Structure formats: C-alpha cells, structure tokens
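Okay, so here's the structure we're looking at.
Every read-out reported here was derived from the displayed coordinates using simple, explicitly stated rules and does not represent laboratory data. Note that the structure is a prediction, hence the values are computed from the model and not measured. In this analysis, Cβ positions are derived from the backbone assuming ideal geometry, glycine residues included, and neighbour counts consider all displayed protein chains.
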Amino acid sequence: MTDVLSLNHVAKHFENHQVLRDVTFAIPAGQIVGYIGQNGAGKSTTLKIILGLEQPSDGEITILGQSLHEHRDELMQRIGYVPENADIFEALTANEYLSFIGQLYGLTEADARYKAQQLLTILGNGDSFNKPISSFSKGMRQSVLIIASLLHNPNLLFWDEPLNGLDANTVLIIEEVLGKLRYQGKTIFYSSHILDVVQAVSDQILLLHDGRVAAHGTFADLSNSTDTTLQQLFNDMTGFKEHGEKAQAFIDVLGVS
C-alpha cells in the first residue's frame, strides 16, 4: 500500500520552546486516521507544518511521494482542510464563497458554482445558496466549510472537529461520506475531542503526547482489552487518571451535595 503521507524525524522549536520532538509516522492511502492529543500536544503545529504554514526545524515531509519542501504549491492543490475555528467571509453568499474557493483550486467558476449548489442542496441547505453566510447557523457554516474542503476532489483531507454544529441527519450523511471517500482511496485525518466518534470512524489512531508520537496503530492493536474505550486508552497513555477526583473537587467547590 502506497504511503500518502510520511513524516521523518520532524521537530519544531520556537526560541527555547520545543513543540515537536522527532515525529515520525507514515500513512497509507485509503485510511481514516484518528488524530488525537491533549491541548498543547503538538497537533496544530504538526498540521501547520504539513499544510506548509510553518517550516519544520528539522526533518522531512513527503506527500503523495513528493517532497513538501520542493513541491508545496502543487501538493496544496491535492489537500482539503476543515479547521476547527475558521475565518469565513461572512459578507459573501455561499455561492460567492464556494465559487471563489473552487477557483483557487483550479475549477472554473461555472463548475465550482454547480458542484457547490448540488452539494449544499444534498445537505438540505440549497435554498440558502444565494444568502449571505452571516445569516447562516453554525451548522450551515460548517456544511459550507466541509464542501469547500471537497470541491477540488483532494487526495488527502484534514478535518478538525468537522461535525461541530451539524444536526443529526447531516452527521449521518457526513459519516457515510467519510466511508465512501476512504473506499475511493482518499486519506482522512480526523481530529476531534469526541473520542467515541473517533474510535467509531477510524482505521488507525495517531496519538501525540508532549510533542512525540505516543501511539500509532489500529485501535485493536493499541488496546489490551475488548472492554477498553479510546477514552480510557487516551487517559492511560497521557497519564491522566485524576478525572474522578477533580470532578468531585469541582462539585465540592460548588457546594452541591
């Protein structure tokens, strides 16, 4: 199976702060990767480096068999990204925004508009296609971001909390879409703090802890018991076992008996 993404001994430091330490992993095509870690573990920095927004202090990144350093602009055309907190041009209509994004990725205006309208309609928001995004609910905005990441039919997707704000029906559609994209050979990095969803959709788990890869493999390979959940595995590997005590301390402060 061909690796669609590989990081080899990637490190990143800012002045005296080491964020990433010898991060090495390889991901084959056609996989959904649950990309998890505590806040500050290095997930966002790793992602920024893969997207070419930051330069590594050391190490090499290869995407689709090509060096990111040497082929950045070409490779970015083959990646889709849904950020957790996106700045979106609210004054634009969904039509204007998605047509613009599609053209950035090389689609014609007509093709981008047609695909965007069809996709938004499938998700139940087609009647809002020519309305300003400022009038959209959080879920509708999230639908726009998901569509924007897919318009150019990328090979590699990075979705950070992609289900935020979506209604239950749209969540079911998107989860089905994930499976069909994987079947087509797409590779999806799926990052979320809702670990039961990550466990359900992922072929592999990639856990970053303190700037290092703490775990990488299938959930079955990483867990010691069929009764273990990803949340329990996450707590064990990050050394966090005080949630019960801290919850009780929280309640004690509130004075709830």
* Asked: Where the centroid of each part is defined by its Cα atoms, how far is region 1-53 from region 65-124 in Å?
  -> 23
* Structure fact -> With the convex hull built on the alpha-carbon atoms of the chain, volume per residue in Å³ sits at 172
* Percent of alpha carbon pairs in region 87-153 separated by more than 16 Å? -> 34
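Placing unit charges on C-beta atoms (Lys and Arg positive, Asp and Glu negative, everything else neutral), compute the dipole magnitude of region 106-241 about its Cα centre in debye, rounded to 20.
Numbers: 10 positive and 14 negative charges, 80 e Å.
In debye, rounded to 20, region 106-241 gives about 380.
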* **Within a Gaussian network of the chain (alpha carbon springs, distance under 10 Å), most fluctuating of ASP127, ASP203, ASP58** => ASP127
* Structure fact -> Across GLU74, GLU15, GLU54, the residue with the highest GNM fluctuation in the chain (Cα network, 10 Å cutoff) is GLU15
* To do: Using a Gaussian network model of the chain whose springs link C-alpha atoms within less than 10 Å, name the residue from LYS12, LYS138, LYS43 with the highest mean-square fluctuation.
  => LYS138
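Give me the mean projected area, in nm² to one decimal, of the convex hull enclosing the Cα positions of region 185-231. All intermediate terms of the calculation are to be shown ahead of the outcome.
Details: hull surface 15.3 nm².
About 3.8 nm², averaged over all directions.
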* Structure fact -> Contact order relative to length for the chain, counting C-alpha pairs under 8 Å separated by 6 or more residues, stands in percent at 25
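Cα convex hull of region 40-164: how many Å³ per residue? Each step should come with its number before you reach the end.
Numbers: hull volume 14.0 nm³, N = 125.
Output value, Cα hull per residue: 112 Å³.
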* Working from Cα positions, state the angle (0 to 90°, nearest 10) between the long axis of helix 168-183 and the longest principal axis of the chain. => 90
* Asked: About the Cα centre of the chain, what is the dipole size in debye to 20, counting +1 per Lys and Arg Cβ and -1 per Asp and Glu Cβ, all else neutral?
  -> 380
* To do: Treating the angle as unsigned and between 0 and 90°, give the value, to the nearest 10°, between the Cα long axis of helix 138-150 and the longest Cα principal axis of the chain.
  => 80
* To do: Hey, can you grab everything whose amide H is under 5 Å from the amide H of ILE205? Only 5+ residues off in sequence or another chain; H modelled, so Pro and N-termini drop out.
  => GLY34, GLY217, THR218, PHE219
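Which whole-number percentage describes the relative contact order of region 87-153, with Cα contacts under 8 Å and a sequence gap of 6 or more? Don't jump to the answer; show the numbers that get you there.
Numbers: 71 pairs, mean separation 28.7, N = 67.
After rounding, I find 43 percent.
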* Asked: Roughly how many debye, to the nearest 20, is the charge dipole of region 87-153 about its Cα centre, given +1 on each Lys and Arg Cβ, -1 on each Asp and Glu Cβ, and no other charges?
  -> 160
* Stokes-Einstein D for region 152-195 at 37 °C, 0.692 mPa s, Kirkwood Rh over Cα pairs, in µm²/s? -> 294
* Once both axes come from the Cα atoms, what is the angle between helix 109-122 and the longest principal axis of the chain, in degrees from 0 to 90, rounded to 10? -> 60
* Asked: Given labels modelled 7 Å from the Cα in the Cβ direction, how far is it in nm from ASN85 to GLU242?
  -> 2.6
